[in-house]
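Quick notes on the structure that follows.
The values are calculated or read from the model by the stated rules, or taken from the named source; none is laboratory data. Owing to the predicted nature of the structure, the values given are computational and were not obtained by experimental measurement. Because the Cβ atoms are built from the backbone with ideal geometry, glycine has one as well, and the counts that use them run over all protein chains shown. Heavy atoms of the whole protein, side chains included, go into the accessibility calculation; ligands, DNA and RNA do not. Shrake-Rupley method; radii C 1.70, N 1.55, O 1.52, S 1.80 Å.
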Amino acid sequence: MSTSVATRKRRRIPLVDRIALIICGLVLAIAVIGPWIAPHDPYAVNLSQRLLGPGPEHWLGTDINGRDVLSRILTGARTTLLATAVVLAVTVVIGVVVGTLAAVGGRVVDEIIMRITDVGLAVPSIVLALGFAVALGPGIGSAIIAVSVSWWPGYVRLIRTVVRETMQSEFVESAVALGVGRRRLILRHVLPNSLDILYVQVTLDVAAVMLVISGLSFIGVGAQVPSAEWGAMIAAAADNVTSGWWALVFPGLAIAITAIAFSLVGDWLRVLRDPTLKQEN
Amino acid sequence: MTLLEIRDLKVSYGEREVVHGVNLSVGAGCRTALVGESGSGKSVTARAVLQLDVAASLSGSVSLKGQELVGAKASELRSVRGSRVGLVFQDPLTSLNPVMTIGWQIMQPLVIRGVKKKEARERGIALLARLGVKDASRRFDDYPHQFSGGMRQRVVIAIAVIAEPELLIADEPTTALDVRVQAQVLDLLHEVAVERGMAVLLITHDLGVVAGFADDVVVMRHGRIVETAPVAQLFADPQHPYTKGLLGAVPRLDRDPAQRLVSVEEIEAVAG
Amino acid sequence: MNVARYVARRLLLSGVVFFGLVVLAFVLVTVLPGDPARAAAGRNATAAQVAEARERLGLDDPVLVQFWHYLTNVLQGDLGNSVFTHRAVLADIADVLPSSLELVAAAMLINIVIGVPLGVLAAYRRGRTLDVMARIVALLGATMPVFWLGLLLQLVLSSRLGLFPLYGQLGFGERVPDITGVITIDALLSGDPALFSSALAHLILPALTLAASFIAVIARTVRSSMITSLDADYVTLARATGAGELRVVVRHALRNALVPMSTILGMQLGWMLGVTVLVESTFSRQGIGAYMVDAVLQNDLYAVIGSILVIGVVFIVTNLVVDLVQLWINPRLRDGLAPARPAAPEAVR
Ligand SMILES: Nc1ncnc2c1ncn2[C@@H]1O[C@H](COP(=O)(O)OP(=O)(O)OP(=O)(O)O)[C@@H](O)[C@H]1O
Ligand SMILES: [Mg+2]
């Protein structure tokens, strides 16, 4: 009896993680339907309404151009999150292909790939992204390419490690003993058993990638004015820090809350996957 | 004279009690063996003496020459640790700090008691040499990974006894070593204990090592003491069926020469 | 000789990574779309000027020849010229780098002074309130957008409360003699305490902003390594010899955490220099970050790529230094018994 209570307790999602999950769901929903639920036109400049504080008409106030901050945040979620999603999708695919290659391709291939990832590690993503942004010209598209280029080495290293571990596990050895071909072994046996770590890492990385993308927009090489991208909104508000705090604070809160929620969910997934981490981590 | 007196000691982890009222005493300068199968609570009992395990809650009494340790203040416990009771663990691989020289580790118990570095070093080297480490003064500044298992365990013993405790608690000090080295280390421990008049509480699940080493034997099972007797009596006339079973498992010379831990005379002496 | 082999291998690896970095920079200036000739000639250049630049840069040569030229130039310290300052990029960077190093050093100090004790205490009081609080601090630090945090600090601490100067590196009208290029040090050398405290006051907020996102990682690293050593037998045995808790934690356990800690701190130093791009402009500080942001906005390709190279080289050099320091703090390394470098933590970025 006491054991069943214990297991039921363990299965229940901790309150903090439940809230985080709900927030993640909300943010994703806003990314989809945000533009339709925005109470105002996010791009309608209205200079008679500039820098109004939060109030019944504009819940989160208006910016220097009289645009409704709430509507811009709701609309901008799509830009930020879509860019993040594209970056993560691209880098995960590269990571799986190249990482697997490094793990099973022999010493030389591995060494070459690892040294390339070393280069990626030597320059912070935001800096490398600036290089690509200037080479490709500003815009959210080059921001996506830029961040992807700086992000894939992390996935390569991760996948390489887990594929190597899986290759050494017993069921792979028995598959080899049964005469399963190498290609088939890797595609059908090793990879499906290695990739669950990706759920965890991708969730954790949502926050980090989002921070880089909005950082690029903040600098001015990502999403361009008048886009409602969160980082760009902060950049626009930065010039009047003193006269309208709300235009600065709320977009930043949107980024921070989303980042916190995804980090918490990522940590929760990680513990779910490997319960021994609960103590260690 | 009784040095260590454990009365009705109970130890629990959370809700679970793992030691259920143990009585045990070690006389000054005597060597007592605590034997029993794996999981019987030997280590838990031993650790309870110095209360190193914060997760364990104790009740009952542990007294050292009349000084009660259960419920004692932290400062009181600290003054007992090292200077009155020393401790040796099973695994010499994990018992030494990998990033510190063995010399530093041997000197620590003296240094924290205010002994001058130079003197501590001299005493450390002398002790290490006494414990059979060749070239002790040259090897004093080596790191643990540069030593073999048996040598490391000598270093661990040096750390435990350098502050000259009255009692050494050795929790399976030789289990992790290979058979030849086991005998050497035990002999050494015996000699040093006799020289210094130091009492030893030796924990083992191997009755074979007990015969040549201990004066008294305490047999433990499932968190309880099942039998206490002088070593000769225990071997000659075990009372408890569990002890008889244990004795049946003792390696015999005619069965397995590799397990030869005690001399012929000893076995004969014990067997009467 | 293990030590010699280790050092040789580390040097070789650093060289390989540097080479890779130059390849990357070359790809960015030459191969990617965008005309380097136009970039070098400037935005308003005439067709003739562009053609002249193309000729001068050898852009019609085969790629490998171009790369060879690029590599030799870089090795001689020629990172190209800025189209805006009309000076060598390296000279530009040399002017502003001391200011960035000052900021990074201050941020690193904050990072260590807060992050390490936080990790130690969290490990020591694992699962207790303090541990949970440390986790929250770490989570906030890691998820706050750096650029937003800087602005918030300005808004609240400078603008509202007036505790710190809003921006700049010195007060209005204050000047320091240009001795080292590091303003706090120059102010100290000038012997004017008011000047020095002004320079410090201007440094605190940007340094705090820069440090915030790094504290989480170092605290986590220290915590997990401390948990391992606090649970180790040798720590229990140290207690069993009568060592006090402070000594046990600091001398016996923390010493072991130094190995992973120094690895992470080494990487963080290089990355911090990069993250100045999100901090320096906000606080109107001079530095490589601000220089890079200006260069990006003005499409100054060589200045941007040059900055990337410098930041990458700083990363490579600090990591090489850390690798050599490891020889000293990790005795097992000297005998080839430990992995040469703990696997790069995947989640540190
Ligand atoms: N830290 C702890 N937390 C919870 N339970 C523990 C702890 N340490 C020991 N126990 C439990 O106490 C019981 C006795 O363990 P103990 O380590 O004393 O056995 P032992 O006799 O020393 O065995 P061995 O010969 O294997 O060392 C075991 O059931 C064990 O699971
Ligand atoms: Mg035990």
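Go through region C:166-197 residue by residue and tally those that are more than 21 Å from C:A94 (Cα to Cα) and open to solvent by less than 40 Å² (accessible area, probe 1.4 Å).
Counting residues in region C:166-197 that are more than 21 Å from C:A94 (Cα to Cα) and open to solvent by less than 40 Å² (accessible area, probe 1.4 Å) gives 2.
Can you give me the number of residues within region C:129-156 that are more than 12 Å from every other protein chain (Cβ to nearest Cβ) and open to solvent by 20 Å² or more (accessible area, probe 1.4 Å)?
Selection size over region C:129-156: 4.
Please count how many residues of region B:22-42 are buried (at least 19 other Cβ atoms within 10 Å of the Cβ) and either within 13 Å of ligand 2 (Cβ to nearest atom) or not hydroxyl-bearing (S, T, Y) (or both). Let's see the steps before the verdict.
Applying the first criterion (buried (at least 19 other Cβ atoms within 10 Å of the Cβ)) to region B:22-42 yields B:22, B:24, B:26, B:30-36, B:40-42.
Those still in the list that are either within 13 Å of ligand 2 (Cβ to nearest atom) or not hydroxyl-bearing (S, T, Y) (or both) too: B:22, B:24, B:26, B:30-31, B:33-36, B:40-42.
Looking only at that region, the number is 12.
Is it the case that some residue within region B:128-139 is crowded, with 24+ Cβ neighbours inside 10 Å, of a type in the set (A, V, I, L, M) and more than 16 Å from ligand 1 (Cβ to nearest atom)?
yes
Looking at B:L64, B:L77, B:L96 in this structure, which one is modelled with pLDDT of 90 or more, away from ligand 2 (no atom under 16 Å from the Cβ) and in contact with a Phe, Trp or Tyr (Cβ under 7 Å, 6 or more places away or on another chain)?
One residue alone meets the criteria, B:L96.
Counting only residues that are hydrophobic (A, V, I, L, M, F, W, C) and over 17 Å from the mean Cα position of the chain (by Cα), which one in region A:187-202 is surrounded by the fewest Cβ atoms within 10 Å (Cβ to Cβ)? Explain how you work it out, then say what you get.
Of all residues in region A:187-202, those hydrophobic (A, V, I, L, M, F, W, C) come to A:187, A:190-191, A:195, A:197-198, A:200, A:202.
From what's left, over 17 Å from the mean Cα position of the chain (by Cα): A:187, A:190-191, A:195.
Details: A:L187: 12, A:V190: 25, A:L191: 16, A:L195: 16.
Once the filter is applied, the top-ranked residue is A:L187.
List pairs: first residue in region B:38-53 and more than 18 Å from B:E166 (Cα to Cα), second residue near ligand 2 (Cβ under 8 Å from one of its atoms) and at pLDDT 90 or above anywhere in the structure, Cβ distance under 7 angstrom, at least six positions apart or on different chains.
Qualifying pairs under 7 Å: B:K42/B:I203; B:S43/B:D171; B:S43/B:I203.
Inside region B:95-106, can you point out the residues that are within 10 Å of B:V156 (Cβ to Cβ) and either touching a strand residue (DSSP E or B) at 6+ places or on another chain (Cβ under 9 Å) or part of a helix (DSSP H, G or I) (or both)?
Step one: list which residues in region B:95-106 are within 10 Å of B:V156 (Cβ to Cβ), which gives B:95-96, B:102, B:105-106.
Answer for region B:95-106, where residues must be within 10 Å of B:V156 (Cβ to Cβ) and either touching a strand residue (DSSP E or B) at 6+ places or on another chain (Cβ under 9 Å) or part of a helix (DSSP H, G or I) (or both): B:S95, B:I102, B:Q105, B:I106.
Take B:R47 and decide whether it is under 15 Å from B:G223 (Cα atoms), within 14 Å of chain C (Cβ to nearest Cβ), open to solvent by 40 Å² or more (accessible area, probe 1.4 Å) and near ligand 1 (Cβ under 9 Å from one of its atoms).
Against the criterion (under 15 Å from B:G223 (Cα atoms), within 14 Å of chain C (Cβ to nearest Cβ), open to solvent by 40 Å² or more (accessible area, probe 1.4 Å) and near ligand 1 (Cβ under 9 Å from one of its atoms)), B:R47 qualifies.
Do the conditions hold for C:A41, that is, is it open to solvent by less than 20 Å² (accessible area, probe 1.4 Å) and under 22 Å from C:F84 (Cβ atoms)?
No.
Before we move on, is C:L200 open to solvent by 20 Å² or more (accessible area, probe 1.4 Å), more than 14 Å from chain B (Cβ to nearest Cβ) and on the phi < 0 side of the Ramachandran plot?
Yes.
Suppose we filter region B:209-218 for residues that are in contact with a helix residue (DSSP H, G or I) (Cβ under 7 Å, 6 or more places away or on another chain) and within 16 Å of ligand 1 (Cβ to nearest atom); how many remain? Walk me through how you get there before you give the answer.
Step one: of region B:209-218, the residues in contact with a helix residue (DSSP H, G or I) (Cβ under 7 Å, 6 or more places away or on another chain) are B:209-217.
Going one step further and asking which of them are within 16 Å of ligand 1 (Cβ to nearest atom), we end up with B:209-210, B:217.
So the count comes out to 3.
Considering each residue of region A:151-171, count those that are in contact with a Gly (Cβ under 6 Å, 6 or more places away or on another chain) and either under 12 Å from A:D118 (Cα atoms) or hydroxyl-bearing (S, T, Y) (or both), and give that number.
Going through region A:151-171 one residue at a time, the tally reaches 4.
Say we look at region A:203-226 and pick out the residues that are away from chain C (no Cβ under 11 Å) and surrounded by fewer than 20 Cβ atoms within 10 Å (Cβ to Cβ); which of these is nearest to A:G131 (Cα to Cα)?
The qualifying residue nearest to A:G131 (Cα to Cα) is A:Q224.
Any chance you could count how many residues in region B:50-80 are open to solvent by 10 Å² or more (accessible area, probe 1.4 Å) and either within 14 Å of the chain's Cα centre (by Cα) or within 16 Å of ligand 1 (Cβ to nearest atom) (or both)?
Within region B:50-80, the first condition is being open to solvent by 10 Å² or more (accessible area, probe 1.4 Å), and the residues that meet it are B:51-61, B:63, B:65-68, B:70-79.
When the remaining residues are screened for being either within 14 Å of the chain's Cα centre (by Cα) or within 16 Å of ligand 1 (Cβ to nearest atom) (or both), the result is B:51-60.
Total satisfying the criteria: 10.
Can you tell me which residue within region B:140-167, out of those that are aromatic (F, W, Y) and open to solvent by less than 30 Å² (accessible area, probe 1.4 Å), is modelled with the lowest pLDDT?
My answer is B:F147.
Is region B:91-112 home to any residue that is open to solvent by 40 Å² or more (accessible area, probe 1.4 Å), farther than 26 Å from B:V44 by Cα and either within 16 Å of ligand 1 (Cβ to nearest atom) or acidic (D, E) (or both)?
No; the residues of region B:91-112 include none that is open to solvent by 40 Å² or more (accessible area, probe 1.4 Å), farther than 26 Å from B:V44 by Cα and either within 16 Å of ligand 1 (Cβ to nearest atom) or acidic (D, E) (or both).
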